[in-house]
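J.: The structure that follows is given in the form of structure tokens.
The values are calculated or read from the model by the stated rules, or taken from the named source; none is laboratory data. Here the structure is a predicted model, which means the values were calculated and not measured. We place every Cβ from the backbone using ideal geometry, glycine too, and count neighbours over all the protein chains shown. For accessibility, only protein heavy atoms count, side chains too; no ligands or nucleic acids. Shrake-Rupley method; radii C 1.70, N 1.55, O 1.52, S 1.80 Å.
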Amino acid sequence: MDEKMTYAVYVDLLRIHKEFCKKDPNYNERELFVQKINVINSNHNSCFCFSMCNALYNWFLKGFIGITDIGKYYSELWHFHKAYLNQPINELDWGKTVKEAEALSGTYKIEACEDMVLAIVTDLDSRIKQQAGA
């Protein structure tokens, strides 16, 4: 996925988060949530999207506790991801990337953030391997 498509994943995640943030994760709402996640996954068809949607679903089951400003949260995730998204392999500093990932996770201190940051780092790593022909 290119930068535009990756950004679209964040937009879709934020949209579904806003739609369900005040809803109780009862059976009917879970079913609807899963249907919407399935559409997002079908539209983007990537491991990154699947991992992010899985983290979002698990967070929904816990009532989306832990963050009040979700716009800021998704913005910070996107800016972290974008900062490394198009860097050439030889310029990517994994030590710096990991430190920033840990700092971002530490800022929010919730499992969903850790899962989403891991999805981002995994996506970056897979892009590097793909570029290197591994």
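J.: Have a look at Lys82, Lys99, Lys129 and point out the one that is in a helix (DSSP H, G or I), over 17 Å from Ala55 (Cβ atoms), in contact (Cβ under 8 Å) with a residue 60 or more places away in the chain and open to solvent by 60 Å² or more (accessible area, probe 1.4 Å).
T.: Lys82
J.: In addition: Please determine, by comparing only the residues of the range 1-32 that are in a loop (DSSP other than H, G, I, E, B) and out of contact with any Phe, Trp or Tyr (no Cβ under 9 Å at 6 or more places or on another chain), which one is nearest to Ile70 (Cα to Cα). First the steps, then the outcome.
T.: Looking only at the range 1-32, we keep the residues that are in a loop (DSSP other than H, G, I, E, B), and these are 1-2, 21-26.
Going one step further and asking which of them are out of contact with any Phe, Trp or Tyr (no Cβ under 9 Å at 6 or more places or on another chain), we end up with 2, 24, 26.
Numbers: Asp2: 24, Asp24: 17, Asn26: 22 Å.
Within the range 1-32, the match that is nearest to Ile70 (Cα to Cα) is Asp24.
J.: Kindly establish whether Ala119 is closer than 19 Å to Glu3 by Cβ, surrounded by 12 or more Cβ atoms within 10 Å (Cβ to Cβ) and modelled with pLDDT of 95 or more.
T.: Yes.
J.: Related question: Go over the candidates His79, His44 one by one and state the one that is under 17 Å from Glu3 (Cβ atoms), within 12 Å of the chain's Cα centre (by Cα) and not charged (D, E, K, R).
T.: His79
J.: Would you point out the residue of the range 102-116, among those that are touching a residue at least 40 places away in the same chain (Cβ under 8 Å) and assigned to a helix (DSSP H, G or I), that is nearest to Asn86 (Cα to Cα)?
T.: It comes out as Met116.
J.: Identify all residues within the range 1-39 that are open to solvent by 70 Å² or more (accessible area, probe 1.4 Å) and polar (S, T, N, Q); write none if there are none.
T.: Within the range 1-39, Asn28, Gln35, Asn38 meet the criteria.
J.: On the given criteria, is Ser42 in contact with a helix residue (DSSP H, G or I) (Cβ under 7 Å, 6 or more places away or on another chain) and either open to solvent by 90 Å² or more (accessible area, probe 1.4 Å) or without any contact (Cβ under 8 Å) to a residue 40 or more places away in the chain (or both)? Give the derivation first.
T.: Numbers: in contact with a helix residue (DSSP H, G or I) (Cβ under 7 Å, 6 or more places away or on another chain): no; either open to solvent by 90 Å² or more (accessible area, probe 1.4 Å) or without any contact (Cβ under 8 Å) to a residue 40 or more places away in the chain (or both): yes.
No: the conditions fail for Ser42.
J.: Given the conditions (1) within 22 Å of Ile110 (Cα to Cα); (2) part of a helix (DSSP H, G or I); (3) not basic (Lys, Arg), and given that Gln35 satisfies all but one, which numbered condition is not satisfied?
T.: Against the list (1) within 22 Å of Ile110 (Cα to Cα); (2) part of a helix (DSSP H, G or I); (3) not basic (Lys, Arg), Gln35 comes up short only on (1).
J.: Then there's this: Kindly indicate whether any position in the range 56-67 is within 23 Å of Ile128 (Cα to Cα), outside any loop (DSSP other than H, G, I, E, B), in contact (Cβ under 8 Å) with a residue 24 or more places away in the chain and within 15 Å of the chain's Cα centre (by Cα).
T.: Step one: of the range 56-67, the residues within 23 Å of Ile128 (Cα to Cα) are none.
No, that holds for no residue.
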